[in-house]
Amino acid sequence: MASGERKTISMHENEAISLRADMINGQFDISKEETEFMNLVRQIMSHAAKEIQFRAPATCDIGRFIAGMDALQVAKNLFCDAAILGKESDNRKKGKM
């Protein structure tokens, strides 16, 4: 392979892609630690959303406000996904599929 060329692998051979595809079904073995972390993230993001909602001036642009709330939802999902994907990746490396 020449310098600067990247090896192309199919998506079904890519572990990171496989984990994400499998996550759609959501059949992973999640420990108490991951569950507690995800619950904490939900609580923090929910608290932040409510604080922002009730402290915002009435003159806020609604479209951007909704986008900001959507961003909090995306952030919550990303933190929870990180916990799930990290645990499942460890399980697969240990052969616990």
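Throughout, read-outs are computed from the coordinates displayed, never taken from laboratory work. Values in this document were obtained by computation on a predicted structure and should not be read as measured data. Note: ideal-geometry Cβ built from the backbone for every residue, glycine included; neighbour counts use all protein chains shown.
Selection of the stretch 17-30 for residues being among the small types (Gly, Ala, Ser) and more than 11 Å from residue 92 (Cβ to Cβ) yields 21, 26. The set of residues from the stretch 36-51 being surrounded by 13 or more Cβ atoms within 10 Å (Cβ to Cβ) and out of contact with any helix residue (DSSP H, G or I) (no Cβ under 7 Å at 6 or more places or on another chain) comprises just one member, 44. Scanning the stretch 35-52 for residues that are more than 28 Å from residue 87 (Cβ to Cβ) and touching a residue at least 12 places away in the same chain (Cβ under 8 Å) gives a single hit, 52.
Here is a yes/no grid of residues against (1) under 12 Å from the mean Cα position of the chain (by Cα); (2) loosely packed, with under 12 Cβ neighbours inside 10 Å:
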residue: 8; (1), (2): no, yes
residue: 16; (1), (2): no, yes
residue: 20; (1), (2): yes, no
residue: 55; (1), (2): no, yes
residue: 63; (1), (2): no, yes
residue: 76; (1), (2): yes, no
residue: 88; (1), (2): no, no
